[in-house]
1. I'd like the FRET efficiency for LYS198 and ARG255, computed as 1/(1 + (r/R0)^6) with the beta carbon distance as r and R0 of 25 Å, rounded to 0.05.
2. Provide the per residue accessible area, probe 1.4 Å, for segment 97-175, rounded to a whole number of square angstrom.
3. Once every Cα of the chain carries one equal point scatterer and solvent is ignored, give the base-10 log of I(q)/I(0) from the Debye formula at q = 0.10, 0.11, 0.12 Å⁻¹, two decimals.
4. Identify, among THR246, PRO64, SER187, the residue whose Cα sits farthest towards the positive end of the charge dipole of the chain, taking +1 on the Cβ of Lys and Arg and -1 on the Cβ of Asp and Glu, with the dipole about the Cα centre.
5. Please list 141-151, 121-131 highest first by mean number of surrounding beta-carbon atoms within 10 Å per residue.
6. Starting from the exponent 0.38 and prefactor 2.2 Å, build the expected Rg for segment 97-175 from its residue count and divide its actual Cα Rg by it.
7. For every helix of n ≥ 4 consecutive DSSP H residues, a contribution of -39,500 (n - 2.57) applies; sum these over the chain, divide by its total residues, and give [θ] at 222 nm rounded to the nearest 500 deg cm²/dmol.
8. Under a point-charge model restricted to the Cβ atoms of Lys and Arg (+1) and Asp and Glu (-1), what is the dipole moment magnitude of the chain relative to its Cα centre, in debye to the nearest 20?
Amino acid sequence: MSADPKVQDRIVYDLQEVSQRYNSTTALDSVSLTITSGEILAIVGPSGSGKSTLLRILAGAQRPSTGHVMIRGRMLRDYSPTTLRELRAATGFIHQDHRLVPGLRVSQNVLLGRLGQSSLMASWRSFLFPSRSELLEAHEVLERVGIEEKLFERSDRLSGGQQQRVAIARALYQAPCTLLADEPIASLDPIRSRDILKLLTEVAAERGLTLVLSMHDLALAREFCPRLIGLRHGQVDFDKSSSDVTQTDLDQLYRLEGKERIEDRAIQG
Ligand code: ADP
């Protein structure tokens, strides 16, 4: 952790020697890192390296097997059900498969972003009978992500890229402090991937949000995120500013070994 008190004040996440085991699998192995408010960074690494597990811990959705997780100045283990709900409300989570409710209109999917932020009755009332100001806010976030004309369209009639924009709008409607995005471009073509990354990083910078993405595409990660954390076998392989990441770092991160290499040779023929 930084000794500079100004930096310390801005720390949102402070993880010390965090490990996550699932039976015999070690998904995270003694991970230590800090993330300050307003940072934009990507977690990169091969499949199974622990990226999703790390994001779930940052979201407060999962407590690790061992290690210390401090989020916004409070240890994760000390969060009560109420403060945990507040933490989740302040954390927008964007999934690879966007997780929209297919039969609902775009506006309704966006309104779902605040479900659970107030009492159950009030949440459902806002969802079923949104006020004019709530609809205007939903329109405003859809305008920001560039699909305001789809407000009343059924969500399952949109393209993959448009659905991911609705998911981003839903997360923004939450008015979060942090956006966590788990492989947000994994199912998009290269042009739409760029658009979505540009949108996410621009909107985070505009609103001063902390943005943590996980992704495979290293070139895009380097282009859009000032800081990269390389995860391999659940361990931090490197944690650097993007401009300092070398080709050797990336080659090492993705190198195949043992059984993987044999399988890869078999695929290549
Ligand atoms: P990534 O997002 O980099 O693909 P994950 O965090 O999803 O990595 O997974 C890391 C490892 O933990 C993998 O071996 C995965 O199979 C395992 N794992 C993840 N979640 C679970 C779970 N809920 N139960 C058992 N094993 C899991």
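1. 0.25
2. 52 Å²
3. Debye intensities relative to I(0), on a log10 scale: -0.54, -0.65, -0.77.
4. The residue sitting farthest along the positive end of the dipole is PRO64.
5. 141-151, 121-131
6. 0.99
7. It comes out at -11500 deg cm²/dmol, rounded to the nearest 500.
8. 780 debye
The values are calculated or read from the model by the stated rules, or taken from the named source; none is laboratory data. On a predicted model such as this, the values are computed, not experimentally measured, just so you know. In this analysis, Cβ positions are derived from the backbone assuming ideal geometry, glycine residues included, and neighbour counts consider all displayed protein chains. All accessible areas refer to the heavy atoms of the entire protein, side chains included, with ligands and DNA or RNA removed. Shrake-Rupley method; radii C 1.70, N 1.55, O 1.52, S 1.80 Å.
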